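The values are calculated or read from the model by the stated rules, or taken from the named source; none is laboratory data. In this text the structure is predicted, and so the values were computed from the model without any measurement. Here the Cβ positions follow ideal geometry from the backbone for every residue, glycine too, while neighbour counts run over all protein chains shown.
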Amino acid sequence: MRLLYAEDERGMSEAVVDILTYHNYIVDAVYDGEEALAFAQTQQYDGIILDIMMPKLDGLEVLKRLRANGCSTPILLLTAKSQIEDQILGLDMGADDYLPKPFPMKLLLARVRAMLRRRTAFTPDILTCGNISLNRQSYALSNGNQTVVLPKLEYQLMELLMLNEGIYLSTEELLCKVWGYDTKAELGTVWVYISYLRKRLSALHANVTLTAKRNIGYTLEVSGND
């Protein structure tokens, strides 16, 4: 499952990201409301965790804009405020749940699990393209008979390509969405990982091709499709 986590306190962010990652969530961490809004509008997430008190845009404003734009992704609000009025306001604006700080990590994990169970827009845990499938829980890429568990970055790249089957994504877009907007990785890193995935597909005898178009980007398509 892929989560967006917006929290301006770096120490708090690192601690939460560590615990979520340990429990097999893929987490994009951002540190202000503008970043949170940009990520939420340009990438696909199973759930969003928003701190209310953030610079540039507060969490409530991010929530308001996302819901106004039709975003139905489940959203959990975090805040140091514990007044009933704040909880009511957040829930009335479209939040799925509300967790006051400070909170035990076990409680956060339970709230995240509950939030994801209530997803209104169903995203399958098994993605398919041609004769291959990708398990979003175990990172397993399979052709039905053979299976390989992908390392994290290979998995994230394959997931992104499978979610956008037939759509060309530029090298820059792949770099930003998989490695993050503030990455220091170079464009050549994407080419290396594309090569890794092509070898995985070949080893699995996939009828799926990772196609490139010069100056446009990459896409995943079933071989033989026009």
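Residues that are more than 17 Å from the chain's Cα centre (by Cα) and surrounded by 23 or more Cβ atoms within 10 Å (Cβ to Cβ) were ranked within the range 44-61; the one that is farthest from ARG113 (Cα to Cα) is MET54. When residues in the range 68-95 are screened for being surrounded by 15 or more Cβ atoms within 10 Å (Cβ to Cβ) and under 18 Å from the mean Cα position of the chain (by Cα), 6 of them pass.
Among the residues of the range 124-171, just one is part of a helix (DSSP H, G or I), among the hydroxyl-bearing types (Ser, Thr, Tyr) and closer than 18 Å to LEU3 by Cβ, namely TYR155. Taking the range 74-85 as the range and being in a loop (DSSP other than H, G, I, E, B) and either at pLDDT 90 or above or among the basic types (Lys, Arg) (or both) as the test, the residues that pass are PRO74, LYS81.
Okay, residues lined up against (1) at pLDDT 95 or above; (2) part of a strand (DSSP E or B); (3) of a type in the set (Lys, Arg); (4) within 19 Å of the chain's Cα centre (by Cα):
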| position | (1), (2), (3), (4) |
| --- | --- |
| GLU173 | no, no, no, yes |
| LYS177 | no, no, yes, yes |
| TYR181 | no, no, no, yes |
| GLY188 | no, no, no, no |
| LEU197 | yes, no, no, no |
| ALA206 | no, no, no, no |
| THR209 | no, yes, no, no |
| ALA212 | no, yes, no, no |
| ASN215 | no, no, no, no |
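Restricting attention to the range 71-90, the residues that are within 18 Å of GLY33 (Cα to Cα) and free of Cβ contacts under 8 Å to residues at least 24 places away in the same chain total 0. Scanning the range 22-43 for residues that are within 12 Å of the chain's Cα centre (by Cα), part of a helix (DSSP H, G or I) and surrounded by fewer than 18 Cβ atoms within 10 Å (Cβ to Cβ) gives GLN41, THR42. Filtering the range 41-63 to residues that are in contact with a Ser or Thr (Cβ under 7 Å, 6 or more places away or on another chain), closer than 24 Å to LEU161 by Cα and without any contact (Cβ under 8 Å) to a residue 60 or more places away in the chain leaves TYR45, ILE48.
Taking the range 139-190 as the range and being surrounded by fewer than 17 Cβ atoms within 10 Å (Cβ to Cβ) and among the basic types (Lys, Arg) as the test, the residues that pass are LYS152, LYS184. The condition of being aliphatic (A, V, I, L, M) and without any contact (Cβ under 8 Å) to a residue 60 or more places away in the chain holds for only one of LEU20, LEU66, that being LEU66. Inside the range 116-134, residues that are within 30 Å of ASP97 (Cα to Cα) and modelled with pLDDT of 90 or more make up a count of 1. SER142 meets the conditions (1) within 24 Å of TYR25 (Cβ to Cβ); (2) under 19 Å from the mean Cα position of the chain (by Cα); (3) small (Gly, Ala, Ser) in every case but one. The failed one is (2).
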